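The values are calculated or read from the model by the stated rules, or taken from the named source; none is laboratory data. Here the structure is a predicted model, which is why all the values come from computation and not from measurement. Every residue, glycine as well, gets a Cβ built from its backbone with ideal geometry; the counts of neighbours run over all protein chains shown.
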Amino acid sequence: MSEEKNRPKWPESLPIPDRITTTAMHVLEAEDIQSEDDIYEITKLMYAYNERKFYLFLEQGKPVNKEIKKRLERFGIIFNTSEFYYYKHPKFERDYIKIQHHRIQSNWEQEVVDKSPMFLRTSLKLSKAMVRQLTIQEQLAIKKAQDVNPFELKPNFCGIGLDLPKFFRWVLRWFKRQR
């Protein structure tokens, strides 16, 4: 319902388009990547929403950019394609516009190019190895959540055994349900 409200109305004076494609993208800036926890959260987000596009905007020529790239690559995030001539939009936060010097169309674009630094837009992608690792972690977590019975019927003492770590988790869950 809310998606219907947000969808713009097509002007009746124009013909209906052949196709409309909706995409989601995440804009990341250097300030978003301050710690290892930040990178881990970005990695989990990229894994959970692999159909979305993730862009990192870095100021052209800053030495911090190389450090960020190394930290991201350690977490299995690949720098895919880099594009130049992006500038911060003067009115909107976390919005970047592509303005090429030979294609400036208005005075405000010229002002943005003259006064603000150029940014590099890099598309980010998770490596296949990281996707495999996160898939395995997810499957192990699911199996661990499903395997809650602490009793074992294996060759043990008198044929019945007890898995103590599972038993303690089982008892804690039982007490939480009783409250």
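For the reader, a short list of remarks on this structure follows.
- Restricting attention to the stretch 46-93, the residues being modelled with pLDDT under 90 and at positive phi number 1.
- Just one of the listed residues (Tyr85, Tyr55) is surrounded by 14 or more Cβ atoms within 10 Å (Cβ to Cβ) and either over 18 Å from the mean Cα position of the chain (by Cα) or not assigned by TED's automatic domain parsing to the domain that holds Lys125 (or both), namely Tyr85.
Let's see how each residue does on (1) more than 30 Å from Lys128 (Cα to Cα); (2) within 16 Å of the chain's Cα centre (by Cα); (3) surrounded by 11 or more Cβ atoms within 10 Å (Cβ to Cβ):
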| position | (1), (2), (3) |
| --- | --- |
| Tyr49 | no, yes, yes |
| Lys66 | no, no, no |
| Arg71 | no, yes, yes |
| Gly76 | no, yes, yes |
| Arg94 | no, yes, yes |
| Ser116 | yes, no, yes |
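- Being farther than 22 Å from Ala48 by Cα, surrounded by 15 or more Cβ atoms within 10 Å (Cβ to Cβ) and of a type in the set (A, V, I, L, M) is a description that does not apply to Val131.
- Taken residue by residue, the stretch 142-151 has at least one member that is part of a strand (DSSP E or B), at pLDDT below 80, touching an Asp or Glu at 6+ places or on another chain (Cβ under 8 Å) and surrounded by 11 or more Cβ atoms within 10 Å (Cβ to Cβ).
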